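Have a look at the structure below, then the notes.
The values are calculated or read from the model by the stated rules, or taken from the named source; none is laboratory data. All of these numbers come straight from a predicted model, not from anything done at the bench. For neighbour counting, all protein chains shown are included, and Cβ atoms are generated from backbone atoms with ideal geometry for every residue, glycine included. Heavy atoms of the whole protein, side chains included, go into the accessibility calculation; ligands, DNA and RNA do not. Shrake-Rupley method; radii C 1.70, N 1.55, O 1.52, S 1.80 Å.
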Amino acid sequence: MMISGWKIKYSDILKEFNYNENKDKKSAILLNSILKKSSVDKKIHSLVHDKTVFVIGSGPSLSFAIPKIKKLKGIKIAADSSLKPLLENGIVPEIVVTDLDGDKDSFKKISKKAIFVVHAHGDNIEKLNMIKEFKNCIGTTQTKPFNKIQNFGGFTDGDRGVFLASHYGAKKIILFGMDFGNRIGKFSNTKKSERKIKLMKLKKGKSLLEWLATKTKSELFTTSMQIKGFKKIAYKDLDIIIT
Ligand SMILES: Nc1ncnc2c1ncn2[C@@H]1O[C@H](COP(=O)(O)OP(=O)(O)OP(=O)(O)O)[C@@H](O)[C@H]1O
Ligand SMILES: Nc1nc2c(c(=O)[nH]1)N=C(CO)CN2
Ligand SMILES: [Mg+2]
């Protein structure tokens with residue numbers, strides 16, 4: 001089942017980014033054909049339901065966040081390119097949310113350990129074969145869900161991670177490196193020619209999180225830049241809310 005109101009949000013995305021819905025569907029159909037039947041859905045539920053979950057993005061604050069994350073207990077969801085600096089600092093996330101444009105070597109390092117939540121869209125069709133290496137994998141789409149393909153809502157890898165955690169009933173969701181804003185973090189693999197579109201994507205991701213905040217049952221916190229509906233929390237106070 002899709003989060004209510006998603007159809008309108010997706011229709012806005014199609015217009016704003018000039019995406020082709022049929023290509024998004026084609027990509028989802030291909031992903032469905034590659035995915036094996038699995039019990040990964042249950043595994044995510046047991047990791048996330050009623051738990052404190054961290055969603056880690058690649059914004060400028062990620063460098064400051066890493067030493068703090070190292071000391072904290074919680075389920076870690078890495079958004080795509082944040083995986084590389086996390087692994088380099090000995091932090092192994094349980095879940096990776098990706099549309100497969102993150103660092104391939106990092107994916108390989110945890111391909112048998114982590115759960116991969118792979119998003120199919122019209123512009124990553126040629127990358128989908130990569131999932132054959134992932135032991136635990138589920139597929140998502142921004143179009144209608146079907147068969148093995150789900151739609152939890154969200155747009156960029158980071159905000160989709162938050163929608164995922166909310167869908168599986170996380171008790172608390174705490175954001176790290178999810179600054180959005182006008183500065184793209186150094187860990188993000190954004191080419192110069194793609195900066196403008198990336199900033200538009202970040203703006204959309206942030207607005208979707210503000211929308212989610214009006215609907216979710218999870219308690220929402222951010223250590224990064226302010227997001228409406230999220231409680232801003234200082235690193236030094238994290239111990240108080242992580243129980
Ligand atoms: N200022 C920021 N710069 C970069 N990433 C950010 C920022 N703020 C939040 N993020 C989050 O970090 C996530 C991971 O960053 P990354 O650069 O890997 O994105 P991406 O893989 O290009 O994202 P997408 O494929 O969703 O566009 C993004 O999906 C986004 O949600
Ligand atoms: N068709 C299409 N859909 C997307 C794309 C994209 O580049 N093309 N990027 C996303 C997050 O980066 C999410 N959805
Ligand atoms: Mg990505």
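For the reader, a short list of remarks on this structure follows.
- Flag for F134 being at pLDDT 95 or above, aromatic (F, W, Y) and within 17 Å of S33 (Cα to Cα): yes
- Of the numbered criteria (1) open to solvent by 20 Å² or more (accessible area, probe 1.4 Å); (2) in contact with a Phe, Trp or Tyr (Cβ under 7 Å, 6 or more places away or on another chain); (3) under 20 Å from D157 (Cα atoms), the one Q226 fails is (2).
- Residue in the stretch 167-174 that is open to solvent by less than 60 Å² (accessible area, probe 1.4 Å), within 20 Å of K51 (Cα to Cα), more than 11 Å from ligand 1 (Cβ to nearest atom) and in contact with a Phe, Trp or Tyr (Cβ under 6 Å, 6 or more places away or on another chain) present: yes
- Residues located in the stretch 11-32, provided they are hydroxyl-bearing (S, T, Y) and within 18 Å of V117 (Cβ to Cβ): S27
- When residues of the stretch 89-121 are limited to those that are among the polar types (S, T, N, Q) and either open to solvent by 10 Å² or more (accessible area, probe 1.4 Å) or more than 16 Å from Q150 (Cα to Cα) (or both), the one farthest from ligand 3 (Cβ to nearest atom): N89
- Within the stretch 26-38, considering residues that are open to solvent by less than 90 Å² (accessible area, probe 1.4 Å) and over 20 Å from the mean Cα position of the chain (by Cα), the one farthest from T143 (Cα to Cα): S38
- Of the criteria (1) within 13 Å of ligand 1 (Cβ to nearest atom); (2) in contact with a Gly (Cβ under 6 Å, 6 or more places away or on another chain), which one S27 fails: (1)
- Only one of the numbered conditions (1) crowded, with 21+ Cβ neighbours inside 10 Å; (2) within 13 Å of ligand 1 (Cβ to nearest atom) is violated by I131, and that is (2).
- Set S33, S58, S46, S63: member being part of a helix (DSSP H, G or I), within 16 Å of ligand 1 (Cβ to nearest atom) and not β-branched (V, I, T): S63
- Qualifying residue in the stretch 139-156 (condition: open to solvent by 40 Å² or more (accessible area, probe 1.4 Å) and either among the β-branched types (V, I, T) or part of a helix (DSSP H, G or I) (or both)): no
- The residues of the stretch 66-88 that are open to solvent by less than 40 Å² (accessible area, probe 1.4 Å) and either part of a loop (DSSP other than H, G, I, E, B) or polar (S, T, N, Q) (or both), listed by number, are L72, G74, S81, S82.
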